[in-house]
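Structure, as structure tokens:
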Amino acid sequence: MADTTPKSLKVVVVTPEKAVLDEAADMVILPMIDGELGVLPNRSPLIGRLGAGELRLKTGTTVTRYFVEAGFVQVRSNVVTVLTANAKPAATVTPELASAAATTAAELPSTNAVERANKAKARDRAAGMKKVAAKNAIA
């Protein structure tokens, strides 16, 4: 009998402005709020919270990298859907951008609960950018 199981995933990354990505991949590695999650074809369905960091798509020996901000991910029927405020190619994230994001986060007020939550999100975004920028320096 022929093997009819899917060999790839469909990966869709959507921001409020546009669909950033709609591609097939053999594996997807997602930055979750509590670590990374690798997704292969035929994975059980899930919904999870993204953290800011690097999203990687592996197709054969090729790895495509993106920086994504916090958001949500849904995995269902070999489709990985990422909903995030911002997504861009990882190569565009420089140490200078990460440093500027950290400075902006540090300057945000934190006098009430909403401001503290916004400041924490901005710090997490800057930390994710810093990790991606550091990987760019190695590559």
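Just a few scattered comments:
- Some residue of the range 46-55 being on the phi > 0 side of the Ramachandran plot and modelled with pLDDT of 95 or more: yes
- Of the numbered criteria (1) surrounded by 12 or more Cβ atoms within 10 Å (Cβ to Cβ); (2) within 23 Å of Thr61 (Cα to Cα), the one Met32 fails is (2).
- Just one of (1) surrounded by 11 or more Cβ atoms within 10 Å (Cβ to Cβ); (2) more than 27 Å from Ala133 (Cβ to Cβ); (3) hydroxyl-bearing (Ser, Thr, Tyr) fails for Thr15. It is (2).
- Residues in the range 73-93 that are within 30 Å of Ser44 (Cβ to Cβ), surrounded by 13 or more Cβ atoms within 10 Å (Cβ to Cβ) and β-branched (Val, Ile, Thr): 6 in all.
- Hits in the range 94-130 - residues which are within 17 Å of Gly71 (Cβ to Cβ) and either in contact (Cβ under 8 Å) with a residue 24 or more places away in the chain or crowded, with 17+ Cβ neighbours inside 10 Å (or both): Ala101, Lys121, Ala122, Arg123, Asp124, Arg125, Ala126, Ala127, Gly128, Met129
- Scanning the range 32-54 for residues that are in contact with a Lys or Arg (Cβ under 7 Å, 6 or more places away or on another chain) and assigned to a strand (DSSP E or B) gives Met32, Gly53, Glu54.
The values are calculated or read from the model by the stated rules, or taken from the named source; none is laboratory data. Because the structure is predicted, anything quoted here is derived from the model rather than measured. Counting neighbours? That spans all protein chains shown, and the Cβs are built from the backbone with ideal geometry, glycine included.
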